[in-house]
Amino acid sequence: MSPSLRKLIGAVILVITVPVYALIAMVVAVAVLPGVNFWWQLVYYVVAGLLWVPPAGLLIAWMARPDRRLAG
């Protein structure tokens, strides 16, 4: 697969999945967090806010991988 096609696929995946993940995280917060202590809310938002980073990093690493045909 060419690097430009990989970047296009990865960008489309990121543009779709990050907002969907944010909406899901908000729905869970609205359903679970009302009436919960401030510190638990803070923990939830920190964890939920950072949980998307490792999968996105793996996707970006895949997008940046050089083409095998050109590398060797």
> Is one or more of the residues making up region 4-14 of a type in the set (S, T, N, Q) and open to solvent by less than 70 Å² (accessible area, probe 1.4 Å)?
Replying inline: no
> Among the candidates 6, 69, which residue alone is in contact (Cβ under 8 Å) with a residue 12 or more places away in the chain and either in a helix (DSSP H, G or I) or of a type in the set (Gly, Ala, Ser) (or both)?
Replying inline: 6
>> Among the residues of region 30-42, are any open to solvent by less than 50 Å² (accessible area, probe 1.4 Å), at negative phi and small (Gly, Ala, Ser)?
In response: no
> What's the number of the condition residue 26 fails, among (1) assigned to a helix (DSSP H, G or I); (2) within 30 Å of residue 1 (Cα to Cα)?
Replying inline: (2)
> Restricting the search to region 43-72, which residues are among the charged types (D, E, K, R) and surrounded by fewer than 10 Cβ atoms within 10 Å (Cβ to Cβ)?
Replying inline: 68, 69
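The values are calculated or read from the model by the stated rules, or taken from the named source; none is laboratory data. Computed from a predicted model, the values in this text were never measured in an experiment. Glycine gets a Cβ as well: all are built from the backbone with ideal geometry, and neighbour counts include every protein chain shown. Accessible surface areas use protein heavy atoms only, side chains included; no ligands, DNA or RNA. Shrake-Rupley method; radii C 1.70, N 1.55, O 1.52, S 1.80 Å.
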